[in-house]
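The values are calculated or read from the model by the stated rules, or taken from the named source; none is laboratory data. Everything numeric here is computed off the predicted structure, so don't read it as measured data. FYI the Cβ positions are ideal-geometry reconstructions off the backbone, even for glycines, and counts take in every protein chain you see.
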Amino acid sequence: MSPNDRGQVLISVGSNVDREKHLPEAVRLLRRNRFIEVMDVSRVFESPSIGGGPDAPDFFNAAVLACTALDPKELRDELRHIEEVLGRVRGEDVNAPRTIDLDIAYYQDHVEEREGWRIPDPGALKSAHVAVPIADVAAEFVHPETNQTSHEIAAALDTTKVRLVPGLRLTAPHRPTRDDDWEDDRLEVYAPKFEALVRQQLIEIGEDPEREGLRRTPLRVAKATDYITGGYATSLEEVVNGAIFDAEGADEMVLVKDIEFYSMCEHHMLPFFGKAAVAYLPNQQIIGLSKLARIVDLYARRLQVQERLTNQVADAVQQVLEPHGVAVVMDGRHLCMMMRGVQKQESSTVTSAMRGTFISDARTRAELLNLIS
């Protein structure tokens with residue numbers, strides 16, 4: 001499957017060891033995986049352990065609706081890696097208590113048998129603790145063998161032992177356009193480990209994390225940090241998404257300027273921001289104009305230095321288009337200079353990266369700089 005052939009998958013998530021911590025952490029690691037785009041998350045349901053004995057702790061279960069370009073084996077490997085990060089150790093006892101279970105319930109409409117596992121997961125059809133969360137997040141998803149919707153499958157099962165957990169709400173992907181940062185929802189869980197670190201940081205600087213204005217600050221900081229470092233969780237292929245077209249005679253310079261960017265200085269983790277200009281000389285192909293701005297965002301939303309950021313954008317455009325030349329110029333203002341250190345409020349930093357004709361032809365470079373100014 002190519003990077004542009006992204007398919008819909010449903011992933012079952014379960015935990016019965018420190019489940020209040022490991023379930024949301026697993027969802028967050030799925031959100032942060034550059035190969036998996038989380039679209040939605042079910043509510044949390046509780047159910048007894050199956051085969052674990054009368055003293056085995058109950059499970060928390062959820063389901064994640066996602067898109068991926070990974071094939072089933074590659075996706076399973078990514079899920080196994082997340083399990084390892086969260087301390088899952090697979091032994092001979094398949095019913096032993098565990099920090100996390102991550103299983104592919106559905107992979108598009110595929111039906112296939114693999115060594116030791118199957119798609120769709122048989123539990124999606126027969127086990128209420130698997131089927132109910134799936135129906136909660138994707139009620140109309142159709143089972144490729146029975147042609148039943150997930151809602152119909154769940155309705156036909158005995159669900160008396162599957163109970164909704166009312167005091168726990170996993171956060172779906174953070175949408176920065178939603179004005180929900182000030183919700184007073186004490187039940188929301190986003191990133192327990194990260195939130196605990198932020199809470200400790202508040203204590204370290206002499207604050208009281210329990211005072212009214214700070215009670216939900218760890219949650220908001222976790223959400224904001226995931227957004228402004230979202231470049232780690234995506235790829236150039238995903239950003240471009242096939243928006244490459246024949247040049248059709250276009251052989252003059254293409255320039256998009258005044259692209260706003262926001263990034264975080266890797267030395268002090270303070271913001272720097274400014275405007276970028278991206279230009280290229282087509283060589284049989286052009287790219288959708290908005291993609292140039294998205295490429296800037298891809299690399300800006302990471303811990304950065306402006307010099308590297310400028311070169312990464314230039315290299316990315318060179319990679320996807322192979323043009324005759326690429327030029328990137330960035331003008332940034334750094335809060336690490338403005339708020340601390342030398343405290344020079346009016347200083348700015350200009351960086352450039354030139355490739356191909358923009359290096360070899362002084363007239364082309366001069367034309368670019370004239371257009372930018």
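Within region 61-71, the only residue that satisfies the criterion of being modelled with pLDDT under 95 and more than 17 Å from the chain's Cα centre (by Cα) is Asp71. Under the condition of being of a type in the set (A, V, I, L, M, F, W, C), under 17 Å from Ala105 (Cβ atoms) and assigned to a loop (DSSP other than H, G, I, E, B), the residues counted in region 150-165 number 3.
Can you find even one residue in region 227-241 that is more than 14 Å from Ala316 (Cα to Cα), without any contact (Cβ under 8 Å) to a residue 40 or more places away in the chain and assigned to a loop (DSSP other than H, G, I, E, B)? Checking region 227-241: not a single residue is more than 14 Å from Ala316 (Cα to Cα), without any contact (Cβ under 8 Å) to a residue 40 or more places away in the chain and assigned to a loop (DSSP other than H, G, I, E, B).
Of all residues in region 75-126, those that are touching a residue at least 40 places away in the same chain (Cβ under 8 Å), within 28 Å of Thr159 (Cβ to Cβ) and either in a loop (DSSP other than H, G, I, E, B) or of a type in the set (A, V, I, L, M) (or both) total 18. For region 282-314, the set of residues classified as more than 20 Å from Gly230 (Cβ to Cβ), of a type outside the set (A, V, I, L, M) and part of a helix (DSSP H, G or I) consists of Glu307, Asn311, listed by residue number. Looking across region 134-149, the residues that are surrounded by 14 or more Cβ atoms within 10 Å (Cβ to Cβ) and either free of Cβ contacts under 8 Å to residues at least 24 places away in the same chain or part of a loop (DSSP other than H, G, I, E, B) (or both) come down to Ala135, Ala138, Phe141, His143, Pro144, Gln148, Thr149. Considering region 198-220, and only residues there that are surrounded by 13 or more Cβ atoms within 10 Å (Cβ to Cβ) and without any contact (Cβ under 8 Å) to a residue 24 or more places away in the chain, the residue that is farthest from Glu20 (Cα to Cα) turns out to be Glu207.
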